[in-house]
1. At 1.4 Å probe radius, can you tell me the per residue accessible area of the range 90-216 in Å²?
2. Would you mind calculating the gained length between H254 and D59 on full extension (0.36 nm times residue separation, minus the Cα-Cα distance), in nm to one decimal?
3. Using +1 at the Cβ of each Lys and Arg and -1 at the Cβ of each Asp and Glu in the chain, identify which of G78, P216, Y188 lies farthest towards the dipole's positive end.
4. Nothing charged except the Cβ atoms of Lys and Arg (+1) and of Asp and Glu (-1): what's the magnitude of the dipole of the chain about its Cα centre? Round to the nearest 20 debye.
5. Whenever you get a sec, compute what percent of the accessible area on the chain sits on carbon and sulfur atoms (1.4 Å probe).
6. What FRET efficiency, computed as 1/(1 + (r/R0)^6) with R0 = 25 Å and r the Cβ-Cβ distance, is obtained for S46 and D274, rounded to the nearest 0.05?
7. Can you find, among L101, Y67, L111, the residue sitting farthest towards the positive end of the charge dipole of the range 57-114, where Lys and Arg contribute +1 and Asp and Glu -1 at Cβ?
8. Which of the DSSP-defined H helices in the chain satisfy a minimum axial length of 24 Å, computed from C-alpha atoms, and a minimum mean Kyte-Doolittle hydropathy of 1.6?
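The values are calculated or read from the model by the stated rules, or taken from the named source; none is laboratory data. Source: prediction; values computed, not measured. Reconstructed Cβ throughout: ideal geometry from the backbone, glycine too, with neighbour counts over all protein chains shown. Heavy atoms of the whole protein, side chains included, go into the accessibility calculation; ligands, DNA and RNA do not. Shrake-Rupley method; radii C 1.70, N 1.55, O 1.52, S 1.80 Å.
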Amino acid sequence: MRKSVTKRFFTGILSFFLFAGSFSGCYLSRSKPVTRTGFYFDTVVSITIYSPADETLLDSCFELAQYYEDLLSRTKEGSDIYKINHAEGSPVSVSSETILLLETALQYAALTDGKVDPTIGAVSRLWDFHRENEGAPPEELSIQEALSHVDYRCVQISGNRVTLSDPCAVLDLGFLAKGYIADKIKEYLQNEGVTGALINLGGNVLALGSKPGGKPFTIGIQEPFSDTGTSALTLPVRNSSVVSSGIYERYFEHGGKLFHHILDTSTGYPIENDLFSVTILSESSLTGDALSTACFTMGYEDAAAYINTLNDIEAIFITYDKQIHTTY
């Protein structure tokens, strides 16, 4: 059953921050957690391993991060996605993992009637959300021309071969790739016997197991424009994923208006609806990543109704009427 909690009006960015928690002196004397931060997929990646705290495992985790960036990046020359986008409509042989992600992306495109579309790259490459408070929207004519090439039905898959029937279409798997990569890093660590780790890919947070002593990780949702550590909501998390999509991730202001990175596939401009953000709690980070974007495109009522049909998945919605809504 849904419930709503009135909060102070959120006027800006929602982001995740992690509370480290405290550990007993006995544990600390045995092994301190190891952590490392890098930059992949155009975002900050942070991985902390609690038990066993082994630096060599971090080496392998970041090798995996590099591998998947080289495989799935839209802009990385030689990646599977780059090769498909530059094949001018010719079939391209790609890895089974790329096929899996493409098939998943097409499923969510069908689910949302194209509101989520992996061929949004023709439009998204026109926008630059890195120049915070200094950007400007693209020219209207450029957006309209690019929109004519956004149609997930042009993605044809046969075995391990992918063809874009529209040679000007551009694939962009940004709405689910980070979730998949987080799952693969978690899978690797599990296979190496790790029982406690926290994986953070630019706010896509995935907990493996729990903290030492069986205590849950505590993941806080940062209150916008407040000091770091000021939480709007905190969540106890064990062996699950917390992923959020909203207007807070990448944006700029122009002419007194905020432009965020979740684009409307019918207009080419940022989506405007009753949602400030969507946070998905799930076992799979891939599922959470894809659902957070899909649900944002649906708007609150439709998204909440859809989440309530799913098993073992919960959501937190922050709407523009100053409320937090949860499905748990």
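1. About 42 Å² of surface per residue is accessible.
2. Details: separation 195, 0.36 × 195 = 70.20 nm, distance 4.12 nm.
Between H254 and D59, full extension yields an extra 66.1 nm.
3. Result: P216.
4. Result for the chain is approximately 1180 debye, rounded to the nearest 20.
5. Solvent-exposed carbon and sulfur of the chain make up 48 percent of the total.
6. After rounding, the FRET efficiency stands at 0.20.
7. Ranked along the dipole, the leading option is L111.
8. none
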